[in-house]
Structure formats: C-alpha cells, structure tokens
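The values are calculated or read from the model by the stated rules, or taken from the named source; none is laboratory data. On a predicted model such as this, the values are computed, not experimentally measured, just so you know. Please note: Cβ atoms are built from the backbone with ideal geometry, for glycine as well, and neighbour counts cover all protein chains shown. We work out accessible area using only protein heavy atoms, side chains counted, and drop any ligands, DNA or RNA first. Shrake-Rupley method; radii C 1.70, N 1.55, O 1.52, S 1.80 Å.
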Amino acid sequence: TINEIFLLDQNGTVTWTGDPYDARLDVKCYYVVNADLNELAPSQNMGTTQQGNQPIKCYINLTESILKPAISFDIIPTKMNETSKTLLDGIKKSPDMLNKQFFSLMLAKKFQRIDGQANTGGGSDAAYDLLTSQINQMLNQMSKEYKLNIDIDKDNITGGTNATFGFQKEFFDDKLLLTS
C-alpha cells in the first residue's frame, strides 16, 4: 500500500462566498522524495552541485471549485543548474511527461529516463500490464471514497512509456459522479 503524507503549502486558500458546496480552491501540497536528477538523462551532464540524490518536492495543486477541483502536478528540485532547469522546463510543458515523472517519483522514488532509452525486451508489454495491474490494486486499497487508476503502456512508435492517471468520486449518495 502506498501511504504518503503530503504537507500543505502555507500560501494556499479555500474561499467560501455563501454556498458551502461552492468553495474555491487554491491549495498546494507536497511530498519530498530523494532522487537523482541525472536519472532523467544520464548521457547529459546535469552538473548538479550535489552528486546523487537530493530532495525533490512533488506538488499536487488543487484549484477551481471544491466539487470539481482541477488537479495538476509540479516537480521542484532543491538544487539545479541551467541544464537541469531546461530539462525540467521541457518536462513541465508536456502534461503527460510531467504526470509520468510525478508518478515515477511517487511510486518508484526515482525519475524515468527521457533520453530515448527504453526497455525493448520481448516481455516488456506483459511487464507493463503486470505493473499497471499491481499499481491499480494498491490504488484501490488507498481510498474507499475515491476510485483511482493508472494505465501504463509502451509507445511502440517512440519507444517511450505512457502513463495515464484517473480518478472517480461520487457525491450526494452517488447522484453526482466526478471523473477525470
């Protein structure tokens, strides 16, 4: 079971203007993972001031309404040089890549390579199916209120890995269903 404690950023707000079901969110919480930026692209010199692992803040950002929150992710290392910054800025421009790296940090506690190196073994599709199944079993045990799932598969064109995260929440005695 994955059970991590996220810390609330002190600058977040929840604002009500009347209806208690119509709160506006601007909340950020984070979890710190020790990971190595060099894992993103080992062939590039990241030139980090500290070799090896360093604290990486993995943010979950909640905005819009409390009944239909917009959820986004962010990754912020404590130390990085211009090469690392450029690489992370590129990752953040692609929601799919950002989600992939966020969940890799949360589940495996490390970055996934982005330099085109991929597992090309014959059993890799079966491995992705097994990984997806195992992760979904863990996610379903995490919460009785939310139905969480992840889909991980190999992109046969680029050789990369795609990861999709979804959740479902029911409100008002199952009369309102929120799906992402």
FRET efficiency (residue 85, residue 6; Cβ distance; R0 22 Å; to 0.05) is 0.35
Extension length gain for residue 72 and residue 32 (0.36 nm per residue less Cα distance), in nm, is 12.7 nm
Heavy atoms of the protein only, probe of 1.4 Å, neighbouring chains included. What is the accessible area of residue 26 in Å², nearest 10? 80 Å²
